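Below you'll find the structure, written out as structure tokens, and then a few comments.
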Amino acid sequence: MGKLALLWDGAWLRWAMPHESQARQREISRADMVPEVLTAIRNQVGAGSDVVCAEWGAPTTMVPSELSEGQGRDVLVGAHAKQHGATTHDGVLVEAFNRGGTRCHMVTGGENAWSDHVLSMFPQAHMTSMASVMAHEAIRLSQAQPKEAWVFRVHMCDQGMHGAAAAGQVLQWEQFVQAGCTSEDALYAMVNACHRSGADVKDALVVWSGDAHQTEGWRRFLTLREAQPQAADGGWEVVLNLMRG
């Protein structure tokens, strides 16, 4: 704990105060409400607090280290633009990812105004992506599984699904399934990822958080384990705590 965690999805601002696990949230109906809420939070925690923030639903491109070594930001942002379409250059987050057997750069498009608002209140804030958060957790979970078995870590809700999978402490898959997706859409994304790699779906474990209703039908193909049973607030407290690392 000890960190203020902030998560923005374009309509809701969610946060967990330092030394608390409870998720708090505020629906944002006007653009000027974001700095207002952030100011109120800063007044409670102090301007010098340890802060981590992310944006829900922002697409990510993973560039393997073999291709990203020595490349400048422009090249990495260009790779993301080819994959997901053009975006504001300053609104793109480029992260070096190095955990287990995976080294790559994660390039994430986002809302420039969000990062500007956060950094104006907390210049020391660490900006990360949901792709990185889920990938770190999937790799950690894979340590306790057979080497060839895939472990998915997903959060499924009305705002879509962020997910990552690892096997043998190596990242195998990362994807955001857009808001409005059905449980079948999310299931297809996971099963298809296994099939494309030649992995055996029967051996896969899905550690999930979010809306239980949205996971209906997954047990037909996959073994499920809820990350934190009886989690409140739609499981957002689980996500915010994962962001803290």
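Things worth noting here:
- As an equivalent ellipsoid, the chain spans semi-axes of 28, 22, 16 angstrom, where each value is the square root of five times an eigenvalue of the C-alpha gyration tensor, largest first.
- Stokes-Einstein D (µm²/s) once Rh is taken as the Kirkwood radius of the range 163-207 over alpha-carbon pairs, at 10 °C in 1.306 mPa s: 142
- Relative packing of peptides 221-233, 168-180 - highest average C-beta neighbours within 10 Å first: 168-180, 221-233
- Using only Cα coordinates, the Kirkwood hydrodynamic radius of the range 132-231 works out to 13.1 Å.
- Take every Cα pair under 8 Å whose residues are at least 6 apart in sequence, average their separation, divide by the length of the chain, and the relative contact order is 18 percent.
- Each part reduced to its alpha carbon centroid, the range 98-141 and the range 11-63 end up 14 Å apart.
- On the principal axes of its alpha-carbon atoms, the range 59-109 has extents of 31, 20, 17 Å, going from largest to smallest.
- The C-alpha atoms of the chain define a longest principal axis, and helix 112-121 lies at about 50 degrees to it.
- Long-range amide H partners of GLY168 with built H, under 5 Å: ALA149
- The long axis of helix 73-84 is offset from the longest Cα principal axis of the chain by roughly 60 degrees.
- For the peptides 131-138, 61-68, the ranking by mean Cβ contacts within 10 Å, running from highest to lowest, is 131-138, 61-68.
- Charged-residue dipole, Cβ positions (Lys, Arg, Asp, Glu), the range 132-231 about Cα centre, Debye nearest 20: 300
- Against the chain, whose longest principal axis comes from its Cα atoms, helix 33-45 is set at around 80 degrees.
- Each peptide in 121-128, 10-17, 142-149 receives the mean, over its residues, of other Cβ atoms within 10 Å, and ordering these scores from highest gives 10-17, 121-128, 142-149.
- Partner lysines for LYS202 [C-alpha distance under 29 Å; skip if fewer than 8 residues away on the same chain]: LYS147
- Computed over the range 59-109: relative contact order in percent, which uses C-alpha pairs under 8 Å that are six or more apart: 50
Here, each number is a calculation from the coordinates, and none is a lab measurement. In this text the structure is predicted, and so the values were computed from the model without any measurement. Methodologically, a virtual Cβ is constructed for each residue, glycine included, from the backbone with ideal geometry; neighbour enumeration extends over all protein chains shown.
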